[in-house]
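Scroll down for the structure; my scribbles are underneath it.
No lab work stands behind these numbers, since they all come straight from the coordinates. Because the structure is a prediction, the values reported are computed rather than measured. Cβ: placed from backbone, ideal geometry, glycine included. Neighbour counts: every protein chain shown.
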Amino acid sequence: MTNNWDELINNLVTGSVRSLARLITKIENRESGWLDAMKTIHKKAGKAHVIGVTGAPGAGKSTLTDKLTGELVKRGHSVGVIAVDPSSPFSGGALLGDRLRMGEACALEDVFVRSMATRGALGGLSLAARDIVKIMDAFGKDFVVIETVGVGQDEVDVVKTADTVMVVCVPGMGDGIQAIKAGIMEIADIFVVNKADREGADRVVVDIQAMLDM
């Protein structure tokens, strides 16, 4: 591992936001030496609680992530947010829609938000997302929130990274909660019924309870 990696990691653990951002970029791009760097970072991580926020498209995951992040900061915690966006078919970069919808959280002093492209990875999580969790952890974030791409059942990948998985459901998603019924429902620790002022919200709750009782 080169001195440049060593310097960035040393600055990371002492709270350098610039080093945090640079390390994420270098790891995401798989620059030479990234694997050895991650081995060092892993040794310095392990304290952050990782929360995965997932669910169908349009369920309000970004809004929930924004509010959750704000509440954690109010309670004195430092938060890292990873918003996994679909890749642009032209550039391969993230479309960054999630980051735009999280304006309030982005502005908070103790919050670091990073949008990442899936780059074609199945399961909704970027290939490098697990590494970015560890980097934010080593930086000293108390919580790392991962908001996944809303592609339904393929989101089971999130459970491999998160300590707590929140599945967001909304009324009007087809037949009850059929749209996210299979694998994704099995990984949830917390179910959130969003947009509960809509007609059918009570039915979603009943459907979830019935599924949990099966």
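Close amide H partners of residue 116, meaning residues 5 or more places away or on another chain with modelled amide H under 5 Å apart, are 83, 84, 85.
Taking 7 Å steps out from each Cα toward its Cβ at residue 203 and residue 107 produces label points 3.8 nm apart. Pairs from the table (39/74; 134/195; 39/141; 26/74; 39/67; 67/160) lying more than 28 angstrom apart at Cα are 39/74; 134/195; 26/74; 39/67.
Taken one residue at a time, the phi angles of segment 160-167 give Karplus couplings (6.51, -1.76, 1.60, θ = phi - 60°) of 6, 10, 8, 7, 10, 10, 10, 9 Hz. Gly and Pro are set to x. Rg and Dmax of segment 1-44, based on Cα coordinates, read 9.2, 24 Å. Shown for 65, 40, 54, 161: other C-beta atoms within 10 Å of each C-beta, ranked fewest to most, produce the order 40, 161, 65, 54. Put simply, when 42-51, 129-138 are sorted by average Cβ atoms within 10 angstrom per residue, most first, you get 129-138, 42-51. Taking amide H as placed 1.01 Å from N in the peptide plane, the amide H of residue 146 sits under 5 Å from that of 51, 52, 53, 82, each at least 5 places away or on another chain.
For the pair residue 13 and residue 210, label points projected 7 Å from Cα toward Cβ lie 5.3 nm apart.
Backbone phi angles across segment 42-56, fed through the Karplus curve with coefficients 6.51, -1.76 and 1.60 (θ = phi - 60°), yield HN-Hα couplings of 4, 5, 9, 9, x, 9, 6, 9, 9, 10, x, 10, 9, x, 5 Hz in residue order; Gly and Pro are listed as x.
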